[in-house]
């Protein structure tokens, strides 16, 4: 079972890879809308990638209002 | 289609529709690749009647208000039907708002009943606004896990009574719903819509874009939104058509839905339409040179053949693969909620996929103008719908002035706000606050806004007053939020932004600490509500005797600055 820290790191690594950013360029507290300059649709695409990686289903409502990686990782962790 | 001129209310029309189209499929609900629900109109009625009966047993009666906060799904429509059947007033709220915003609007609306989904209720029940919202006396929650703490709510699935509910008649002029066009901050704008507003709008819209049994409408825009309520519920239901709901809006599942369910119509906001365009363009660009050449030639032929009107059968043959990706039966993409760039509209039309763009406001009962495609005009938002009178007030030499509307679809006013109502509806004409001109062919061309607001590409109306709360107690002398285009008008409806106007204390610097504070507060707002820059003003804001900021006067002062240098990026 992953710890929350591990999950958070994997979320950050995957997001960086998905948006073709250097590894380590994202931080848990980053607002992904702002940091990545993405819109709500691009966020949904990122979520699909995270779901595939973690082997979970993350309903849209679970990420409603979430804009930072830390909270996103917590939502994922609760479903692992 | 039902003859809606015979009906007095939404409930009465829907009641007859459920009987008339009993064996047709009215609803399909899918979650990712799984189909969760498929209901005929008869089965819909069998689900809704026990709920209506239980509502009546719980004391819900004519004129009582019930709010729905749900994602698009079958229970949204079943609940709305039960509310209308029992003579109630529907308060549809945007599920994307924050819990505090939800409670604020629930309080303002005076709703006695709330119907919501468990994940939303989980957040709502613990929020501080609940204690103050004493008007909400019963909460029904859908899809709650077996052992969930419902925080005083009841399970929607168990809230039912046997026997036939009593249909409660309403008159055309009675309020059918209270729809919030904005106002989660300072001044909630609850549009009071009558049954007549909806009945008339439905007749007007379906005269141009008809529904019939067999039509499948993909409901993606939230149903609380005026467009989806009309074309994703009332319109298709009164014509015996089918509504398809998706529980996820992930692009990959949305794409699969078109061919899977042979979608006929879909409504999208410009942001999603542009995303679709981007995806298609990337696929076209990736074609090998030879195929690309053939494809471009086919598009050119299609363009020539559809110059005067759409020819779906020809377009589907010419550009078979493109149309098959959309299921092969798509008749039009309805786009609304915000202004759509002409190039995007033209892109789809050239592929033989008509985009029904238009112009509307919640206050006007959804659509005011719609492109009738005869011929398609990407540079306009179409002609006024039947029954709509559109007039341009105080036109400049180029014909551009404020767009005003008079029709049976215009709301009666804003809930509990006679002052704002009087400013908005003048001598029976709805002052839209939008600027435009009517060209020689009767098409409306929009060219900016007179009002202090922005509309995002996601179709969200953002009023500066609504987001000022988050900057309260900012360590500066005074501040105010503006739509940049209100200060520096531009003849455009895209790329609108909000700015924070700041008057620093005497001797105070606009330093890193203040910037961090502004950024931190800005980040508390949902991403589409955030300000994009700061304007520094070194003078006192003009104020009324009651110390309210005179926004118009302040905007006039700011307009003297050059926007290119005055707006400091965050």
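I need the strands (runs of 3 or more DSSP E) fully contained in region B:310-381, keeping only those with at least 2 residues that are more than 14 Å from residue B:265 (Cβ to Cβ) and at pLDDT 90 or above.
B:355-361, B:366-370
Residues in region B:499-520: is at least one assigned to a loop (DSSP other than H, G, I, E, B), within 34 Å of the chain's Cα centre (by Cα) and not assigned by TED's automatic domain parsing to the domain that holds residue B:343?
No, region B:499-520 has no match at all.
Taking the condition of being crowded, with 19+ Cβ neighbours inside 10 Å, within 12 Å of chain A (Cβ to nearest Cβ) and more than 20 Å from the chain's Cα centre (by Cα), how many residues in region B:243-276 meet it?
Number of matching residues: 0.
Does residue B:100 fit the bill of being surrounded by fewer than 19 Cβ atoms within 10 Å (Cβ to Cβ), over 26 Å from residue B:236 (Cα atoms) and within 14 Å of chain A (Cβ to nearest Cβ)?
Details: surrounded by fewer than 19 Cβ atoms within 10 Å (Cβ to Cβ): yes; over 26 Å from residue B:236 (Cα atoms): yes; within 14 Å of chain A (Cβ to nearest Cβ): yes.
The answer is yes for residue B:100.
Within region B:62-82, track down each residue that is more than 20 Å from the chain's Cα centre (by Cα) and part of a loop (DSSP other than H, G, I, E, B).
B:62, B:63, B:64
Being in a helix (DSSP H, G or I) and either touching a helix residue (DSSP H, G or I) at 6+ places or on another chain (Cβ under 9 Å) or over 19 Å from residue B:71 (Cβ atoms) (or both) is the filter here; which residues of region B:254-267 pass it? Explain how you work it out, then say what you get.
In the first step, residues of region B:254-267 are kept if they are in a helix (DSSP H, G or I); the result is B:254-261.
Within region B:254-267, B:254, B:255, B:258, B:259, B:260 qualify.
Within region B:116-136, restricting attention to residues that are within 14 Å of chain A (Cβ to nearest Cβ) and touching a helix residue (DSSP H, G or I) at 6+ places or on another chain (Cβ under 6 Å), which residue is farthest from residue B:68 (Cα to Cα)?
B:127
Criterion first (within 14 Å of chain B (Cβ to nearest Cβ) and more than 26 Å from residue B:94 (Cβ to Cβ)) does residue A:49 satisfy it?
When the stated conditions are applied, residue A:49 passes them.
Before we move on, is residue A:2 exposed (fewer than 15 other Cβ atoms within 10 Å of the Cβ) and not in a loop (DSSP other than H, G, I, E, B)?
no
Being over 24 Å from residue B:410 (Cβ atoms), in contact with a helix residue (DSSP H, G or I) (Cβ under 7 Å, 6 or more places away or on another chain) and more than 14 Å from every other protein chain (Cβ to nearest Cβ): is that true of residue B:156 here?
yes
How about region B:395-415: which of its residues are part of a loop (DSSP other than H, G, I, E, B), in contact with a strand residue (DSSP E or B) (Cβ under 8 Å, 6 or more places away or on another chain) and at pLDDT 95 or above?
Selection gives B:407, B:409, B:410, B:411, B:412, B:415.
Restricting to region B:10-37, give me the number of residues that are assigned to a strand (DSSP E or B) and either surrounded by 15 or more Cβ atoms within 10 Å (Cβ to Cβ) or in contact (Cβ under 8 Å) with a residue 40 or more places away in the chain (or both).
Matching residues across region B:10-37 total 9.
Which of the residues belonging to region A:35-46 are part of a helix (DSSP H, G or I), touching a residue at least 12 places away in the same chain (Cβ under 8 Å) and more than 7 Å from chain B (Cβ to nearest Cβ)?
Across region A:35-46, the qualifying residues are A:36, A:43, A:46.
Take the conditions part of a helix (DSSP H, G or I), more than 27 Å from residue B:70 (Cβ to Cβ), away from chain B (no Cβ under 14 Å) and touching a residue at least 12 places away in the same chain (Cβ under 8 Å) and apply them to residue A:14. Does it pass?
So residue A:14 passes the test.
Within region A:20-33, does at least one residue satisfy the condition of being within 13 Å of another protein chain (Cβ to nearest Cβ), surrounded by 17 or more Cβ atoms within 10 Å (Cβ to Cβ), at pLDDT 90 or above and touching a helix residue (DSSP H, G or I) at 6+ places or on another chain (Cβ under 8 Å)?
no
Which residue, of B:51, B:124, B:114, B:150, is more than 30 Å from residue B:459 (Cα to Cα), surrounded by 23 or more Cβ atoms within 10 Å (Cβ to Cβ) and more than 20 Å from the chain's Cα centre (by Cα)? Working first, answer last.
Details: B:124 fails: more than 30 Å from residue B:459 (Cα to Cα); B:114 fails: more than 30 Å from residue B:459 (Cα to Cα); B:150 fails: surrounded by 23 or more Cβ atoms within 10 Å (Cβ to Cβ).
Answer to the check: B:51.
Name the one entry in B:481, B:470 that is in contact with a strand residue (DSSP E or B) (Cβ under 9 Å, 6 or more places away or on another chain) and not assigned by TED's automatic domain parsing to the domain that holds residue B:223.
That would be B:481, the only listed residue that is in contact with a strand residue (DSSP E or B) (Cβ under 9 Å, 6 or more places away or on another chain) and not assigned by TED's automatic domain parsing to the domain that holds residue B:223.
Is it true that some residue in region B:221-240 is within 14 Å of chain A (Cβ to nearest Cβ), modelled with pLDDT under 95 and out of contact with any strand residue (DSSP E or B) (no Cβ under 8 Å at 6 or more places or on another chain)?
Within region B:221-240 (the criterion being within 14 Å of chain A (Cβ to nearest Cβ), modelled with pLDDT under 95 and out of contact with any strand residue (DSSP E or B) (no Cβ under 8 Å at 6 or more places or on another chain)), the answer is yes, since at least one residue qualifies.
Just the residues that are surrounded by 13 or more Cβ atoms within 10 Å (Cβ to Cβ) and either at the interface with chain A (Cβ under 10 Å from one of its Cβ atoms) or more than 15 Å from residue B:568 (Cβ to Cβ) (or both), please, taken from region B:510-527.
B:519, B:521, B:522, B:523, B:524, B:525, B:526, B:527
Please pick out the residue among B:240, B:279 that is touching a helix residue (DSSP H, G or I) at 6+ places or on another chain (Cβ under 9 Å) and surrounded by 15 or more Cβ atoms within 10 Å (Cβ to Cβ). Working first, answer last.
On the way: B:279 fails: surrounded by 15 or more Cβ atoms within 10 Å (Cβ to Cβ).
It is B:240.
Go through region A:53-73 and give me each residue that's in a helix (DSSP H, G or I) and either under 28 Å from residue B:460 (Cα atoms) or within 11 Å of another protein chain (Cβ to nearest Cβ) (or both). Lay out the reasoning, then the answer.
Residues of region A:53-73 in a helix (DSSP H, G or I): A:53-54, A:60-63, A:69-73.
Selection gives A:60, A:61, A:62, A:63, A:69, A:70, A:71, A:72, A:73.
Looking for something away from chain A (no Cβ under 14 Å), farther than 24 Å from residue B:19 by Cα and in contact with a helix residue (DSSP H, G or I) (Cβ under 7 Å, 6 or more places away or on another chain) - is there at least one such residue anywhere in region B:199-220?
No, region B:199-220 contains no residue that is away from chain A (no Cβ under 14 Å), farther than 24 Å from residue B:19 by Cα and in contact with a helix residue (DSSP H, G or I) (Cβ under 7 Å, 6 or more places away or on another chain).
How many residues, within region B:528-548, are part of a loop (DSSP other than H, G, I, E, B), more than 14 Å from every other protein chain (Cβ to nearest Cβ) and surrounded by fewer than 17 Cβ atoms within 10 Å (Cβ to Cβ)? Steps first, answer last, please.
Within region B:528-548, the subset part of a loop (DSSP other than H, G, I, E, B) is B:530-532, B:537-542, B:544-548.
Narrowing further to those that are more than 14 Å from every other protein chain (Cβ to nearest Cβ): B:537-542, B:544-548.
Subsequent filtering for residues that are surrounded by fewer than 17 Cβ atoms within 10 Å (Cβ to Cβ) retains B:538-540, B:542, B:544-548.
Final tally of qualifying residues: 9.
The values are calculated or read from the model by the stated rules, or taken from the named source; none is laboratory data. Note that the structure is predicted; figures quoted are calculated from it, not measured. Cβ: placed from backbone, ideal geometry, glycine included. Neighbour counts: every protein chain shown.
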